[in-house]
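Before any comments, here is the structure.
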Amino acid sequence: MSAPPPLQIREANAHLAAVHRRAAELEARLDAAECTVRAQAERLARHDQQLRAALDELGRTKDREIAVLQEQLLTSEATVHSLQAAVQQRDKLIGQLQPRAELLQDICRRRSPLAGLLAALAEAERLGPLPASYPGHPLAGGPSPPLANSTGEKGDRDHLKPAVFGTTV
């Protein structure tokens with residue numbers, strides 16, 4: 001066997017050197033890619049951990065808000081119940097006061113005629129009785145003239161007694 005020519009050996013050596021350079025270059029790129037992937041994995045893990053922590057905090061915040069809202073709901077329901085009881089009590093009181101209010105309204109409607117009657121009675125009381133010596137005085141010892149019936153009916157007037165003015169108030 002003969003030895004390969006020196007040109008072929010140089011070409012083979014150059015080729016081997018190129019292959020080694022390319023292999024070293026690829027290994028360096030592989031190492032860089034592995035570092036990049038590890039760094040990205042670490043960043044993703046940290047980000048995932050941060051997201052989980054934020055999600056847990058949101059869950060706790062939600063639970064606290066739900067508890068506060070449930071408490072407010074219970075308070076509102078108690079307030080509504082209390083107000084409904086107060087309304088029922090007031091309705092009952094209104095029912096009790098309604099007849100009295102109607103009576104007061106009736107009294108107010110009749111106030112003016114009643115005031116006139118009281119004024120007339122006061123005037124009659126101020127005038128006083130007729131002196132006994134007055135010949136037309138009904139109490140002077142004889143029968144009095146018949147009183148007129150205010151209804152306009154004619155009937156038996158013998159049952160009417162003479163009127164005397166005065167107040168019993």
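The values are calculated or read from the model by the stated rules, or taken from the named source; none is laboratory data. Keep in mind the model is a prediction, meaning the values are calculated, not measured. Note that each Cβ is placed from the backbone with ideal geometry, even for glycine, and that neighbours are counted across all protein chains shown. For the accessible areas, the whole protein counts, side chains as well, though only heavy atoms, and no ligand, DNA or RNA atoms are used. Shrake-Rupley method; radii C 1.70, N 1.55, O 1.52, S 1.80 Å.
Here is how the numbers come out for the structure above:
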item	result
Charge context of LEU104, other residues only, Cβ under 12 angstrom, K/R +1, D/E -1	+2
Percent accessible area from carbon and sulfur atoms, segment 33-137, protein chains only, probe 1.4 Å	62
Cβ-Cβ FRET estimate between HIS81 and ARG109, R0 fixed at 30 Å, reported to 0.05	0.10
Gain in span if fully extended, LEU117 to ASP63, counting 0.36 nm per residue against the direct Cα distance	11.7 nm
Square roots of five times the Cα gyration tensor eigenvalues for segment 1-90, Å	84, 8, 6
Over segment 54-104, volume per residue of the alpha carbon convex hull, in Å³	51
